[in-house]
Amino acid sequence: MKHLFLFIFTLSSFNVLSKTDSPIAFAIHGGAGTITKANLSDEREAEYRAKLSESVKAGYAVLVGGGSSEEAVIKAIQVMEASPLFNAGIGAVFTWDGEHELDASIMRGQDKQAGAVAGVKRTKSPIAAAQLVMNESVHVMLSGAGADDFAQANGLEMTTNNTFDTERRQKALEKVKQNILKNDHAMNIDPEVVDYKFGTVGAVALDKNGNLAAGTSTGGMTAKRWGRIGDSPIIGAGTWADNESCAVSATGHGEYFIRNHVAADICSRVKYAGKTIQEAGDEVIHQVLSPEAGSGGVIIMDSKGNVAMPFNSEGMYRASIDTKGKVTVAIYGDKT
Ligand code: ASP
């Protein structure tokens, strides 16, 4: 009798599982750049791995709890925005004038709704502001003081610009400025000359309802001026999500990603040319960006929860939890 009960119980729990057994998966990046074992101390490496792991697990936990891909993306990005390790929120790079101008965007795959903010200075979580634009406005992109005002009017937490300051980024600004002045370039980011690491953050997710989402948040590039805006808040360049193809978040030298419409191009190759996300991502990163010397990478997720993370820089901070629940955290080019 006891065995019969156990048998029936096991069978029914299996049925429950199989009915709701649609895959969930999650992936993040914390920026691509000249990241090599030689220029990252063991201590610093451990800090990055711990924070990447915390962020990817926080996003995944939202999905496990039945939350949407949109909520999972926001959650994971906010973990990284709050960490001084990444170039987003606290730890954002400095502008030429010694301030922070933050950009972020988010897109939902099921209805292709999107929201973005560019050049915000007072909004504590730029990704939350991008979500607000998507859900509470009729617009896709707001910029500058107006975007901050909109966030404030809708109840987001505001802060002072120097909340985002870190000593490390201050030093980077001084170095980059010296280099720019010496070379008489508007923006020289040659990693051979300046140890320039990108550190933008992003996430892609597939939830239990089969919906994809992608989001990206950044401080942009060190010493940017004249209101420069990169690819991160540009839908189609730095962020894209469409349930019929894939979700993408990018990191790298934004001008190249804008000109090549990188995130949307990858998903178009999946949608119209039948490529896998790995093939499409490899093509765009290695055959389109690399010949132009556009450096960076992307994280990509398809509607089955497959993940691809191609990049052409030395490293890219990244982590994923696949459809089987396997956690992977990596930094360098050799998958470690
Ligand atoms: N893509 C960002 C930008 O150009 C920088 C980065 O990914 O680190 O603003």
What ranking do 140-150, 23-33 get when scored by the average of other Cβ atoms within 10 Å per residue, highest first? 23-33, 140-150
Go through 34-44, 209-219 and give me the packing order, highest mean Cβ count within 10 Å leading. 209-219, 34-44
Total formal charge among the other residues, if their Cβ is under 9 angstrom from that of Ser125, Lys/Arg +1 and Asp/Glu -1: -1
Identify, among Ser143, Ala153, Ser105, the residue whose Cα sits farthest towards the positive end of the charge dipole of the range 59-172, taking +1 on the Cβ of Lys and Arg and -1 on the Cβ of Asp and Glu, with the dipole about the Cα centre. Ser105
So what is the relative contact order of the chain, in percent, for Cα pairs below 8 Å that sit 6 or more residues apart? 24 percent
Which trypsin sites (Lys or Arg not before Pro) does the range 236-336 hold that lie in a coil by DSSP with at most 11 other beta carbons within 10 Å? Lys324, Lys326, Lys335
Which one, Phe311, Trp240, Ile258, is farthest towards the positive end of the dipole of the range 183-336 when Lys and Arg carry +1 and Asp and Glu -1 on their Cβ? Trp240
Using Cα-Cα distances under 8 Å and only pairs 6 or more residues apart, what relative contact order does the range 222-268 have, in percent? 39 percent
First check a/c for the range 200-240, with a ≥ b ≥ c the square roots of the eigenvalues of its C-alpha gyration tensor; if it is under 1.5, answer rounded, and if not, answer prolate when a/b is larger than b/c or oblate otherwise. prolate
Quick shape check on the range 19-165: root eigenvalues a ≥ b ≥ c of the Cα gyration tensor, a/c under 1.5 is rounded, otherwise prolate if a/b tops b/c, else oblate, and it reads oblate
Can you classify the range 79-231 as rounded, prolate or oblate using the Cα gyration tensor, where a ≥ b ≥ c are the square roots of its eigenvalues, rounded means a/c under 1.5, and otherwise it's prolate if a/b beats b/c and oblate if not? prolate
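Return an integer: the convex hull volume of the alpha-carbon atoms of the chain, in Å³ per residue. Walk me through the intermediate numbers first.
On the way: hull volume 49.2 nm³, N = 336.
Expressed per residue, the convex hull around the Cα atoms of the chain is 146 Å³.
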For the range 221-226, Karplus-derived ³J(HN,Hα) couplings (6.51, -1.76, 1.60; θ = phi - 60°; whole Hz; x for glycine and proline) come out as 10, 3, 6, 5, 8, 6
Check Gly315: other-chain or 5+ apart residues with amide H under 5 Å from its amide H, H built from backbone geometry? Gly33, Ile35
Specify the inter-centroid distance of the range 204-267 and the range 286-301, based on alpha-carbon positions, in whole Å. 12 Å
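Suppose every K and R has +1 on its Cβ and every D and E has -1 on its Cβ; what is the size of the dipole of the range 210-336 about the Cα centre, in Debye to the nearest 20?
Magnitude of the dipole: close to 280 debye.
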Mind listing the phi-derived Karplus ³J(HN,Hα) values for the range 135-152, rounded to whole Hz, using 6.51, -1.76 and 1.60 with θ = phi - 60°, and x for any glycine or proline? 8, 10, 9, 8, 9, 9, 9, 10, 9, x, 4, x, 5, 4, 4, 4, 4, 5
Restricting to Cα pairs under 8 Å and 6 or more apart, the percent relative contact order of the range 183-336 works out to 18 percent
Using unit Cβ charges (K, R positive; D, E negative) and no other charged atoms, how large, in debye to the nearest 20, is the dipole of the chain about its Cα centre? 660 debye
Output needed for the range 203-336: three equivalent-ellipsoid semi-axes, defined as square roots of 5 times the C-alpha gyration tensor eigenvalues, in descending order, whole Å. 22, 16, 15
Across all directions of projection, what mean area in square nanometres is found for the Cα convex hull of the range 99-138? 2.7 nm²
Extending each Cα 7 Å along its Cβ direction at Trp226 and Tyr272, get the distance between those two points in nm, one decimal. 3.2 nm
Can you run phi through the Karplus equation (6.51, -1.76, 1.60; θ = phi - 60°) for the range 37-54 and list ³J(HN,Hα) in whole Hz, with x for Gly and Pro? 4, 5, 9, 10, 5, 4, 5, 5, 4, 4, 4, 4, 4, 5, 6, 4, 5, 4
Note down the magnitude of the dipole of the range 59-210 about its Cα centre, charges +1 on Lys and Arg C-beta and -1 on Asp and Glu C-beta and zero elsewhere, to the nearest 20 debye. 240 debye
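Each value in this text was obtained by applying a stated rule to the coordinates, not by laboratory testing. From a predicted model like this one, the values you see are computed outputs, not experimental measurements. Note that we place each Cβ from the backbone using ideal geometry, even for glycine, and neighbour counts take in every protein chain shown.
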